[in-house]
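For reference, the structure discussed in these notes is given below.
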Amino acid sequence: MQTFHAFRIAWIKNRLTDLVDKLLYHYRALEIEKGVTDRFAQKMFHRIVETRRISAIQKLYRDLPKTFEKEIEIYDKKNPLKVAICGEIYVVLEPALNVDIHRRLNELGVIVESTVTLRRFTDLFNNLNPFHKPHWEVARLLGKPYIQHRLGGETQENLGDITYYKKLGWDGIVHLYPFTCMPEIITRAIAPQVSKDNDMPFLSLVVDEHTGEAGFQTRLEAYVDLIKRKRELSQKKIRPLEVYG
């Protein structure tokens with residue numbers, strides 16, 4: 001019984017930390033006072049660690065979106081740019097490895113979202129629910145027309161996410177992978193065709209111990225300029241230059 005109770009607390013806290021990250025990547029892109037979202041997110045992470053009772057954790061989960069909205073003043077931008085970040089799970093989740101790409105895009109005024117999180121492996125209740133289809137399963141089905149079989153890693157899901165986020169109305173998708181990772185190299189080879197089929201700007205970035213921050217930043221800035229220009233041209237009904245791969 002004690003083990004089940006501990007697992008339940010860990011499961012709820014994992015969902016809660018994912019929600020804090022999601023809200024952080026949204027509000028930080030639009031904040032008026034720089035740094036306030038980071039400070040508030042850290043405060044919430046500490047509260048998650050310190051909260052023990054399940055009822056208090058559940059209340060925190062329910063109240064969190066409204067708490068962010070109340071505490072953080074943001075620019076009233078209409079339809080800001082949105083970019084999804086996919087790829088090998090560790091590279092996507094670890095800021096020290098991906099050169100803090102979420103922050104860099106946020107500082108360019110872009111809302112971001114990670115397509116893969118630890119919830120995929122820990123959210124057993126939703127994964128086993130026959131009436132609920134998790135995001136990764138939907139993405140895998142969308143990727144099957146381009147690659148029929150599982151190759152390890154997140155190849156099918158990453159390809160499917162290009163279609164998935166296009167249907168949600170997002171502006172682009174960035175693919176991260178470690179040097180020599182075979183499943184993600186295959187993703188990199190097929191993704192330009194998926195991107196072209198869906199008219200979804202796609203940028204693939206490889207990271208290793210020699211990754212330079214300046215080059216990374218330059219490519220991100222150029223990519224954001226291109227998707228911004230693409231949106232402006234599409235609103236004027238002009239066919240933009242293709243931005244695939």
Please give me the summed charge of the neighbours of Ile48: other residues whose Cβ is under 13 Å from its Cβ, Lys and Arg +1, Asp and Glu -1.
+3
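Quick one: Val49, Val194, fewest Cβ neighbours within 10 Å first, how do they rank? Each step should come with its number before you reach the end.
Details: Val49 10, Val194 25.
Ordered from fewest to most neighbouring Cβ atoms within 10 Å, Val49, Val194 come out as Val49, Val194.
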Dimensions (Å) - the range 1-76, Cα atoms, principal axes, largest first
48, 16, 16
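If neighbour count is taken as other Cβ atoms inside 10 Å, put Lys43, Lys66, Lys196 in order from fewest to most. Mind showing how you got there, number by number?
Numbers: Lys43 12, Lys66 9, Lys196 15.
Taking fewest neighbouring Cβ atoms as first place, the list is Lys66, Lys43, Lys196.
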State the answer as a single residue: which of Val174, Pro95, Asn79 lies farthest towards the positive end of the charge dipole of the range 79-245, with beta carbon charges of +1 for Lys and Arg and -1 for Asp and Glu, about the Cα centre.
Asn79
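From the square roots a ≥ b ≥ c of the eigenvalues of the alpha-carbon gyration tensor of the chain, which class results: rounded (a/c under 1.5), prolate (a/b over b/c), or oblate?
Numbers: a/c = 1.74, a/b = 1.27, b/c = 1.36.
Taking the square roots of the gyration eigenvalues as a ≥ b ≥ c, the chain is oblate.
Show me the GluC sites (Glu not before Pro) within the range 160-238 that DSSP assigns to loop and that have at most 16 other Cβ atoms within 10 Å of their Cβ. Mind showing how you got there, number by number?
Details: sites: Glu184, Glu209, Glu213, Glu221, Glu232; in loops: Glu209.
Taking the range 160-238 and a limit of 16 other Cβ atoms within 10 Å, the loop GluC sites (Glu not before Pro) found are Glu209.
Explain nothing, just the number: relative contact order of the range 1-76, from Cα pairs under 8 Å at least 6 residues apart, as a whole percent.
Working: 44 pairs, mean separation 31.8, N = 76.
Answer for the range 1-76 is 42 percent.
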At R0 = 30 Å, FRET efficiency that the Cβ-Cβ distance of Glu73 and Phe45 yields, to 0.05:
0.90
Which whole-number percentage describes the relative contact order of the chain, with Cα contacts under 8 Å and a sequence gap of 6 or more?
18 percent
A correct fewest-to-most ranking of Phe131, Phe40 by other Cβ atoms within 10 Å would be Phe131, Phe40
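Values quoted throughout were computed directly from the atomic coordinates according to the rules given, and no laboratory measurement underlies them. Here the structure is a predicted model, which is why all the values come from computation and not from measurement. Neighbour counts are summed over all protein chains in view; Cβ atoms, including those assigned to glycine, are modelled from backbone coordinates with ideal geometry.
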